[in-house]
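Participant: Provided herewith is a single structure, encoded as structure tokens, for subsequent inquiry.
The values are calculated or read from the model by the stated rules, or taken from the named source; none is laboratory data. Everything numeric here is computed off the predicted structure, so don't read it as measured data. With ideal geometry, Cβ positions are generated from the backbone for all residues, glycine too; neighbour counts draw on all protein chains shown.
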Amino acid sequence: MIETLYVNGCSWTEGHLLQEQEEVRNYAASLGYEFHTQYEIKKDGVFVEYPFINFYNKFNWAGNIAQSLNIPNIVNHAVGAASNDRIVRTTIDYVRTMTEEQKRTTLIIIGWTISDRSELYLDDKLGIEDWVRFHASHRFKDTLTWPHFNSEFINKVDKFHQNYVVDIHTDYACIHNFFQQSYLLANLLENNNIPYYFFNSFPIDWKEWSTDAPIYKFKKELKDYSRINTLDIFDNFFRYVDGRPEYHLSDGHPNLQAYKVWSSHILEDMKRKGIV
């Protein structure tokens, strides 16, 4: 019997901005949450730090899967704008804490994110060090969720980021890294006899519609990827609800209906594959 559903990913796994919807706000209020603004939310008189997993998990795809399979516990390590690097790092950290009993009774589902996202561990030599987002598509300073570092240090990293994007970054390397990450994590979970399932929240290669897209250089990797417990690599959450305004919140993230249809979609695939 599955006792715990562990999930990891980005905002499309977290449930970002679901508090826009009245049903979610009413449920959160029934738990004692007080809404001052979209992101200023109190519980027992104390401001709660985002993300609001405690009530997101009833409505995101993880919550729908858990309800369908009668899984009593959800552990959701997803955060907005997370990278696949972070997903692998934090999932491995979690697996290393699991007992043998927990390995037998936990289902792990990963919603891979955009492959050009990464992370760095930075130490400003002034007493602040932490993991931070490092995305090819966004300036470094724009990915900081709070001012970890002083402005001089941030500007130095911004300059490094600019040089990285111009002279080093390639789509090929990002896609190669994705296959490495999925191979590594699948083997870790299989070697520990932990049931698991992977899907892609976004296209691995946004140019995949073109026959000369970088992803088609990875013929062996594509074949190997299809052998692990995963949804078809060209079937992803974004494309599944793209162009359907009835499935989107104000900023384009999935709404309640989108999470319901996507959870049904991946659950059907897991059942076909005998994972659940």
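Participant: Tell me the residue from LEU267, LEU184, LEU188 that is surrounded by fewer than 14 Cβ atoms within 10 Å (Cβ to Cβ), closer than 28 Å to MET98 by Cβ and touching a residue at least 40 places away in the same chain (Cβ under 8 Å), please.
Facilitator: LEU184
Participant: Provide a single number: the residues in the stretch 191-235 that are touching a residue at least 40 places away in the same chain (Cβ under 8 Å), part of a loop (DSSP other than H, G, I, E, B) and of a type in the set (Ser, Thr, Tyr).
Facilitator: Of the residues in that region, 1 qualify.
Participant: For the stretch 76-92, does any single residue satisfy the condition of being surrounded by fewer than 17 Cβ atoms within 10 Å (Cβ to Cβ), more than 30 Å from HIS169 (Cβ to Cβ), touching a residue at least 24 places away in the same chain (Cβ under 8 Å) and not assigned by TED's automatic domain parsing to the domain that holds VAL132?
Facilitator: no
Participant: Given (1) over 24 Å from ILE175 (Cα atoms); (2) part of a strand (DSSP E or B), identify the lone condition not met by LEU120.
Facilitator: (1)
Participant: Can you say whether ASP116 is charged (D, E, K, R), touching a Ser or Thr at 6+ places or on another chain (Cβ under 7 Å) and either surrounded by 14 or more Cβ atoms within 10 Å (Cβ to Cβ) or outside the structural domain of TRP12 (by TED's automatic domain parsing) (or both), as far as the supplied structure shows?
Facilitator: For ASP116, the condition - charged (D, E, K, R), touching a Ser or Thr at 6+ places or on another chain (Cβ under 7 Å) and either surrounded by 14 or more Cβ atoms within 10 Å (Cβ to Cβ) or outside the structural domain of TRP12 (by TED's automatic domain parsing) (or both) - is met.
Participant: Answer yes or no as to whether ASP171 is more than 30 Å from LEU107 (Cβ to Cβ), touching an Asp or Glu at 6+ places or on another chain (Cβ under 9 Å) and at pLDDT 95 or above.
Facilitator: Yes, satisfied.
Participant: Regarding TYR183, is this residue assigned to a helix (DSSP H, G or I) and either closer than 30 Å to TYR197 by Cα or of a type in the set (A, V, I, L, M) (or both)?
Facilitator: Details: assigned to a helix (DSSP H, G or I): yes; either closer than 30 Å to TYR197 by Cα or of a type in the set (A, V, I, L, M) (or both): yes.
It is true that TYR183 is assigned to a helix (DSSP H, G or I) and either closer than 30 Å to TYR197 by Cα or of a type in the set (A, V, I, L, M) (or both).
Participant: Got a sec? Which of ILE71, ILE114, ILE87 is of a type outside the set (Gly, Ala, Ser), part of a loop (DSSP other than H, G, I, E, B) and closer than 16 Å to SER11 by Cα? Working first, answer last.
Facilitator: Numbers: ILE71 fails: closer than 16 Å to SER11 by Cα; ILE87 fails: part of a loop (DSSP other than H, G, I, E, B).
Only one candidate passes the filter, namely ILE114.
Participant: Tell me yes or no: at least one residue of the stretch 96-113 is of a type in the set (Ser, Thr, Tyr), within 17 Å of HIS169 (Cα to Cα) and surrounded by 16 or more Cβ atoms within 10 Å (Cβ to Cβ).
Facilitator: Scanning the stretch 96-113 turns up no residue that is of a type in the set (Ser, Thr, Tyr), within 17 Å of HIS169 (Cα to Cα) and surrounded by 16 or more Cβ atoms within 10 Å (Cβ to Cβ).
Participant: Could you say which residue among ILE128, ILE204 is aliphatic (A, V, I, L, M) and in the same structural domain as MET98 (by TED's automatic domain parsing)? Talk me through it step by step, then tell me what you get.
Facilitator: Values: ILE128 fails: in the same structural domain as MET98 (by TED's automatic domain parsing).
Among ILE128, ILE204, only ILE204 is aliphatic (A, V, I, L, M) and in the same structural domain as MET98 (by TED's automatic domain parsing).
Participant: Among the numbered conditions (1) modelled with pLDDT of 95 or more; (2) over 14 Å from ASN57 (Cα atoms), tell me where GLN38 comes up short.
Facilitator: (1)
Participant: Moving to a separate point now. Working only within the stretch 245-255, note down all residues that are in contact with a helix residue (DSSP H, G or I) (Cβ under 8 Å, 6 or more places away or on another chain) and either buried (at least 19 other Cβ atoms within 10 Å of the Cβ) or outside any helix (DSSP H, G or I) (or both).
Facilitator: Step one: filter the stretch 245-255 for residues in contact with a helix residue (DSSP H, G or I) (Cβ under 8 Å, 6 or more places away or on another chain), giving 246-250, 253-255.
Those that are in contact with a helix residue (DSSP H, G or I) (Cβ under 8 Å, 6 or more places away or on another chain) and either buried (at least 19 other Cβ atoms within 10 Å of the Cβ) or outside any helix (DSSP H, G or I) (or both): TYR247, HIS248, LEU249, SER250, HIS253, PRO254, ASN255.
Participant: ALA62 versus (1) assigned by TED's automatic domain parsing to the domain that holds GLY9; (2) in a strand (DSSP E or B); (3) in contact with a helix residue (DSSP H, G or I) (Cβ under 8 Å, 6 or more places away or on another chain); (4) buried (at least 21 other Cβ atoms within 10 Å of the Cβ): which is the lone unmet condition?
Facilitator: It is condition (2) that ALA62 fails.
Participant: Another question about this same structure. Might you let me know whether the stretch 132-143 holds any residue that is surrounded by 13 or more Cβ atoms within 10 Å (Cβ to Cβ), more than 17 Å from the chain's Cα centre (by Cα) and among the polar types (S, T, N, Q)?
Facilitator: No: zero hits.
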